[in-house]
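What follows is one structure encoded as structure tokens, with my remarks underneath.
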Amino acid sequence: MAAKETPKEPAALDSYVIAHGEAGRARLRVLAEVMTAGSEDLFRRVGISPGTECLDVGCGGGDVSVLLARHVGPSGRVVGIDLDPKTLAAARSEAKTLDLPQLSYRQGNVFDLPDEASFDVVYARFLLTHLAEPQKAIDRMRASLRPGGLVLLEDIDFSGHFAYPACPAFEDYQRLYVATVRKAGGDPNIGQRLPLLLKAAELEEVGLQVSQAVALQGAAKLISPITLEAIGERVVAAGLATPAELKETSDALFQAARDPDRVMSAPRIVQSWGRKPR
Ligand SMILES: C[S@@+](CC[C@H](N)C(=O)[O-])C[C@H]1O[C@@H](n2cnc3c(N)ncnc32)[C@H](O)[C@@H]1O
């Protein structure tokens, strides 16, 4: 019997510092639980409606692709694209259980998006923060848009991530996350400059708003410890902490997340959009 082929990981995923594959998928589910309300609010604000054709770039496990597919309905179309074949396999298998014929996935790199000019909306959530050349990525996203279409972005501003009362484990986590993303060439605070990147791509009617989950209990507080776990290998490989130090910080962060008298936020999310001239 032929051995089952394991999908190969593309080298470009080296800049993506968060665990991918199945462990990464579990984290993306928690992220989806916390971020769905903010994304839905954005889709309502920019008017994603039945019949819209959307490209979701860096779609991961497809949580937003599914949301978009529900908004656009059977007369619309949603294509999710991701570099990671393992995460895409999970997205495809989850989609099989949903009755959404308007949704499909394909493997691809944002930097290789074709000049197809066939989508009404080209969307990316939490992708640009991991890229060394976000402007080039937005330029490629623009090329996939019809005239009059929207580039729609959601990305993080880690500088707006907070805990109150402050705690050393949260501060260690912030330092480790920022250093790890920067070391891989990304920008943990890219949210702040999204509108300027959209303007530089010659998009018009550029707008923005902020969305941020914050809680005393529940999933919003869990984002921090599970993200620390998901970047753990990279933190250690970069020499930023030893495995023992990492475990100590992670344990203390889980404890802080369970403390009902500590407020903890998810990162501040900047949502920004711009229209391709007609
Ligand atoms: C943090 S995840 C976000 C997933 C999804 N957008 C969400 O919000 O749930 C970032 C995704 O971008 C993908 N990615 C990283 N670099 C990419 C690239 N150059 N082209 C396409 N996808 C990429 C990763 O594989 C990962 O699935």
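The values are calculated or read from the model by the stated rules, or taken from the named source; none is laboratory data. Because the structure is a prediction, the values reported are computed rather than measured. Neighbour counts are summed over all protein chains in view; Cβ atoms, including those assigned to glycine, are modelled from backbone coordinates with ideal geometry. Just the protein is used for accessible areas: all its heavy atoms, side chains included, with ligands, DNA and RNA removed. Shrake-Rupley method; radii C 1.70, N 1.55, O 1.52, S 1.80 Å.
So here's what we get for this one:
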item: HN-Hα J in Hz across region 81-94 - Karplus 6.51, -1.76, 1.60, θ = phi - 60°, x for Gly and Pro; result: 10, 8, 6, 8, x, 5, 5, 5, 4, 5, 4, 5, 5, 5
item: Tilt relative to the chain, helix 21-46 - C-alpha long axis, 0 to 90 degrees, to 10; result: 60 degrees
item: Residue among Ser265, Tyr164, Gln209 farthest towards the positive dipole end of the chain, charges placed on Cβ; result: Gln209
item: DSSP bridge orientation in region 13-275 - percent antiparallel, rounded to nearest 5; result: 50 percent
item: Rg(Cα) / (2.2 N^0.38 Å) computed for the chain, rounded to two decimals; result: 0.99
item: Rounded to 10°, Cα long-axis angle of helix 243-258 versus longest principal axis of the chain; result: 80 degrees
item: Carbon and sulfur %, accessible surface of the chain computed with the full protein complex present, 1.4 Å; result: 52 percent
item: Pairs beyond 30 Å (Cα-Cα), from Lys86/Lys247; Lys221/Lys276; Lys199/Lys221; result: Lys221/Lys276; Lys199/Lys221
item: Contour minus Cα-Cα distance for Thr242 and Asp99 (0.36 nm per residue); result: 46.9 nm
item: Check: the chain dipole with +1 on Lys, Arg Cβ and -1 on Asp, Glu Cβ, in debye; result: 360 debye
item: Those aspartates and glutamates that a straight Cα-Cα span of less than 15 Å connects to Lys183, excepting residues fewer than 8 apart in one chain; result: Asp14, Glu133, Glu233
item: Table column - 3J(HN,Hα) (Hz), region 153-162, Karplus curve with 6.51, -1.76, 1.60, x for Gly and Pro; result: 10, 10, 8, 8, 10, 5, 5, x, 8, 9
item: Nearest-0.05 FRET efficiency for Gln192 and Gln135, computed from C-beta distance (R0 22 Å); result: 0.90
item: Gained length - Ser159 relative to Phe111, 0.36 nm times residue gap less alpha-carbon distance; result: 14.6 nm
item: Per-residue [θ]222 nm for the chain (sum of -39500 (n - 2.57) over DSSP H runs n ≥ 4, rounded to 500); result: -13500 deg cm²/dmol
item: Inter-site label distance for Glu40 and Ala166 at 7 Å from Cα along Cβ, in nm; result: 3.6 nm
item: Per residue accessible area of region 13-275, 1.4 Å probe, in Å²; result: 42 Å²
item: The chain - percent relative contact order, Cα under 8 Å, separation 6 or more; result: 21 percent
